[in-house]
Amino acid sequence: MKTWISHIFVSLLVISLTACSGESEPKVEPSVSISGQSSATIGSNGGSTTITFSSAKDWTASSSQSWCKISPSSGKGGNATITITVDENTSYDERNASVTISSETVSKNITVAQKQKDALTLTSNKVEVKAEGSKIEIEVKSNIAFETQIETKAQEWISPVSRGLSTSILAFQIQPNKEFEKREGKITIIGNNLSETVTVYQEGISSAIVLSQNEYIIGSTGETITIQVKSDLNYEMKMPEADWIQISESRAVSTYTHYLTILPNDTYDSRSAVVSFVGSNNSVTETVTINQLQKNAIIVANNEYKLDARTTELEFPINTNVEFEVTTPEWIKRNTESRALESIPLRFTVEENSTLDVREGIIVILGEDVKQEIKVIQLGRNDSGRVAIIHNGINFNIPQIVGHNVSGTIYWGDNTQENYKENTVHAYQDDKEHQVIMEILGGEEIIIPKTNNLIEIDLTEF
């Protein structure tokens, strides 16, 4: 019996100890929590950064790339800090690595990005161009944004040519060199503190006649032009068979400077002629084209039109040799947008004048340096009428007025009034006699209701 009791006591003791042990040591779950951002960016020269985190249990850290190193790579649970060290990036591409912090079944990733090595290179730093000029192309290899600069002294003869934003080929237009000496200019490509320079060399001309200008556009009033010539040849100036171009005798004579007087053009047509400069033995010829504008004119049939109050179609022709535009007041509408350098019919709609007042408007035809104005005078309406009605009703229904754009004023005879509106009814305070006066515009016919307690109607002024 004692042995049996002893076994029961031992069992109870084991159970009691087991229960107490469970309460004092709870199970810990793994977890990792990163403080701050879970990413880092390092420059192309390399460097280090730190990441702070906490882990409930022991942890390890690893990197997916050999150029990205971690220290320390493991530790005990609690708050911890690791240092991420990145080598220099000698490539021309940005690169990425993933740092993983793990604790048993839990892990967190940190993305490390490193910028590329900046580069700006050219296929050639020297370009040679013939004297007659041409388009040149420069190939740029770059992984950065860049801009081009043309030195100030070369901007007159080197200019960029527009290209698509996706290309790395830069195009420039080289203008002809009209000097006998060769010239050079520098183009600089700049980006992110990097720069490359291209020098453009252009040959000078030889055995040539160079004119200061190859084309002149002269106004109809005429003028005197100056032609400067540079040449290493003997040459002759040959005049065209045009009596409106004359050699100016009033200017001092110079071997390489020529003055030509262009007489006024009194016609309505432009004209053109060519002056030639021919070298010895007819080996070289240069020309100057002289274009003279016509005498500009806008001629209309009449400068004033007087119209009645009704809506009217107004049409008149103009003769012109210039481009022109037309402006009108709001109540005159142009019907077409025709335009040509010849006789042109212009059509307008003049809206009805619903007032009694005469109105005026100006149509302006403007072309280059000439202008024509046409005055339009429109009379006011003369279809006014007056109706007087005496009644003794409590309510009064106004007569219906039939006509065109009917308007006017109703005077009710009790010191009140209002604008005419069809089917208007007015209520009085008493049934005494009242005289209703209607002053109407546009009325052609009147319809009077039968039941209005009418006493007298006066239509003599309607």
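The values are calculated or read from the model by the stated rules, or taken from the named source; none is laboratory data. Everything quoted here is computed from the prediction, not taken from an experiment. FYI the Cβ positions are ideal-geometry reconstructions off the backbone, even for glycines, and counts take in every protein chain you see.
Below is a table of values for the structure above.
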| quantity | calculated |
| --- | --- |
| Residue match in the range 166-177 (condition: out of contact with any Lys or Arg (no Cβ under 8 Å at 6 or more places or on another chain) and at pLDDT 85 or above) | yes |
| Filter result for residue 69 (more than 30 Å from residue 178 (Cα to Cα), of a type in the set (Lys, Arg) and surrounded by fewer than 13 Cβ atoms within 10 Å (Cβ to Cβ)) | no |
| Matching option when the condition is of a type outside the set (Ser, Thr, Tyr) and without any contact (Cβ under 8 Å) to a residue 12 or more places away in the chain, among 234, 281, 214, 265 | 281 |
| Residue in the range 196-216 that is outside the structural domain of residue 140 (by TED's automatic domain parsing) and farther than 19 Å from residue 131 by Cα present | yes |
| Pair list, Cβ under 8 Å, 6 or more apart: the range 25-46 residue part of a loop (DSSP other than H, G, I, E, B), other residue at pLDDT below 85 and not hydroxyl-bearing (Ser, Thr, Tyr) | 43/114; 43/115; 44/114; 44/115; 44/116; 44/117; 44/118; 46/114 |
| Residue in the range 172-187 that is under 30 Å from residue 51 (Cβ atoms) and within 37 Å of the chain's Cα centre (by Cα) present | no |
| Residue 280 being among the polar types (S, T, N, Q), within 38 Å of the chain's Cα centre (by Cα) and not assigned by TED's automatic domain parsing to the domain that holds residue 180 | no |
| Per-region count, the range 407-462, residues in contact (Cβ under 8 Å) with a residue 24 or more places away in the chain, out of contact with any Asp or Glu (no Cβ under 6 Å at 6 or more places or on another chain) and at positive phi | 3 |
| Strands (runs of 3 or more DSSP E) wholly inside the range 195-306 containing at least 1 residues that are in contact with a His (Cβ under 7 Å, 6 or more places away or on another chain) | 223-231, 235-238 |
| Selection status of residue 110, within 30 Å of residue 90 (Cβ to Cβ), in a strand (DSSP E or B) and assigned by TED's automatic domain parsing to the domain that holds residue 45 | yes |
| Those residues of the range 69-122 which are small (Gly, Ala, Ser) and under 45 Å from the mean Cα position of the chain (by Cα), in sequence order | 91, 97, 113, 119 |
